[in-house]
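Trainee: Quick one: structure below, then a few questions.
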Amino acid sequence: MPRYTYFEKGKPFNEWHRTIDHLAAIDIDLVEVCSKCYQPLLLIEHAYDKGQTYKNCTTVKKLAKQSKVPAMLIFYKDMKTFRVRKLYPTLENERTVQASTLVRYLRKLHNLHKCI
């Protein structure tokens, strides 16, 4: 985990972990799952939108590739529009989408999923 957070103070365990030298960890922001079988459908790294152009997503991309689960980065502010970037299976340019578009995409993932 980085030594400092940039939007707000982290959870107590994360803050404690940051004090230990020579350890590294990231928090997993969100995993969209099937509501019936809980199979992972999408890994999401998200951050408060301050107009930044970059957020490190190395570990999320590696987890996505290993698990063959799509991944995306989402910058949020007002919950009406989002800046999104697909990370895996293809790395795509960032685009701004309406909340309804993001919801449609998430529902599509659920609808295409077959429980195993």
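The values are calculated or read from the model by the stated rules, or taken from the named source; none is laboratory data. All of these numbers come straight from a predicted model, not from anything done at the bench. Every residue, glycine among them, receives a Cβ derived from its backbone with ideal geometry; neighbour counts consider all protein chains shown. The accessibility values were calculated without ligands, DNA or RNA, using every heavy atom of the protein model including side chains. Shrake-Rupley method; radii C 1.70, N 1.55, O 1.52, S 1.80 Å.
Trainee: Just give me the residues in the range 34-65 being farther than 19 Å from ARG85 by Cα and without any contact (Cβ under 8 Å) to a residue 40 or more places away in the chain, in sequence order.
Mentor: Initial filter on the range 34-65 (farther than 19 Å from ARG85 by Cα): 34-39.
Hit for the range 34-65 is TYR38, nothing else.
Trainee: Going through the range 95-112 one residue at a time, which ones are in contact (Cβ under 8 Å) with a residue 12 or more places away in the chain and open to solvent by 40 Å² or more (accessible area, probe 1.4 Å)? Step through it out loud before you land on a result.
Mentor: Step one: list which residues in the range 95-112 are in contact (Cβ under 8 Å) with a residue 12 or more places away in the chain, which gives 95-99, 102, 106, 109-110.
Correct list: ARG95, THR96, GLN98, HIS110.
Trainee: May I pose another question? Applying the selection to the range 40-74, what residues are more than 24 Å from VAL97 (Cα to Cα), surrounded by 14 or more Cβ atoms within 10 Å (Cβ to Cβ) and not β-branched (Val, Ile, Thr)? Give the derivation first.
Mentor: Let us first name the residues in the range 40-74 that are more than 24 Å from VAL97 (Cα to Cα), namely 59, 62-63, 65-68.
Among the residues that remain, those that are also surrounded by 14 or more Cβ atoms within 10 Å (Cβ to Cβ) are: 59, 63.
If the condition is that a residue be more than 24 Å from VAL97 (Cα to Cα), surrounded by 14 or more Cβ atoms within 10 Å (Cβ to Cβ) and not β-branched (Val, Ile, Thr), then LEU63 is the only one that fits.
Trainee: Continuing with this model, one more query. Give the residues of the range 75-93 that are open to solvent by less than 60 Å² (accessible area, probe 1.4 Å) and either β-branched (Val, Ile, Thr) or over 26 Å from LEU112 (Cα atoms) (or both), sorted by residue number. Can you show your working first?
Mentor: Here is the first cut: in the range 75-93, the ones open to solvent by less than 60 Å² (accessible area, probe 1.4 Å) are 75-76, 81-84, 87-88.
Correct list: THR81, VAL84.
Trainee: Looking only at the range 7-39, which residues are surrounded by 10 or more Cβ atoms within 10 Å (Cβ to Cβ), within 18 Å of the chain's Cα centre (by Cα) and of a type in the set (A, V, I, L, M, F, W, C)?
Mentor: Listed by number, the residues that qualify are ALA25, ILE26, ILE28, LEU30, VAL31, VAL33, CYS34.
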